[in-house]
Amino acid sequence: MCCSYGDEVDVFWVKKHNLGEKIVIDRYGRMKNCGVPEIEGMKIEEARETIMKLFESKGLVVKRDPITQSKQISERGKVPVEILPVKQRFVNLLDKKDILLKKNDEMNRYPAFMKKRSNDWIENLQRDRNISRSRKF
């Protein structure tokens, strides 16, 4: 199962399998283009409650139990993090691993064990480096 976007793994799967996107949360944390007119323009938490009321009014809810669910929480605002696709800038690194490893071998590292740490980081690169870091809190 993959939901766009719950975390970085979902972003990876969407790109890897060329899955279609349906973005229903805007940059202000409001519902948009979701196909449910009753929640259009609502904040996420308000929309969740409204959806449940809609389900209950139609007799679609059999049982409602509280659950514990882990969510990413922002350090600054202590609020849930929602991943939204935005334009980003990247430095191409994946096609330069050999060059980076060679340059790393030419450097003197203090302490010496940092050379291995750098080599491990370079060898394990799985995507290009994001330099724009467009994050909203």
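Annotations
- Nitroxide proxy distance, nm - points 7 Å out along Cα→Cβ at Val62 and Val11: 3.7
- Per-residue [θ]222 nm for the chain (sum of -39500 (n - 2.57) over DSSP H runs n ≥ 4, rounded to 500): -9500 deg cm²/dmol
- Neighbourhood charge, 12 Å Cβ-Cβ cut-off, centred on Glu123 and excluding it, Lys, Arg +1 and Asp, Glu -1: +1
- A compact globular protein would have a Cα radius of gyration near 2.2 N^0.38 Å; the ratio found for the chain is 1.50.
- The stretch 65-137: translational diffusion in µm²/s, Stokes-Einstein, Kirkwood Rh over Cα pairs, 37 °C, 0.692 mPa s: 208
- Each Lys or Arg adds one and each Asp or Glu subtracts one; over the other residues with Cβ under 13 Å from the Cβ of Lys16, this totals 0.
- Ranked from largest, the principal axis spans of the Cα set of the stretch 1-72 equal 39, 27, 21 Å.
- Taken over the stretch 89-137, lysine pairs spaced eight or more positions apart, or on distinct chains, with alpha carbons under 22 Å apart number 8.
Just so you know, all these numbers are worked out from the coordinates, no wet-lab data involved. On a predicted model such as this, the values are computed, not experimentally measured, just so you know. For neighbour counting, all protein chains shown are included, and Cβ atoms are generated from backbone atoms with ideal geometry for every residue, glycine included.
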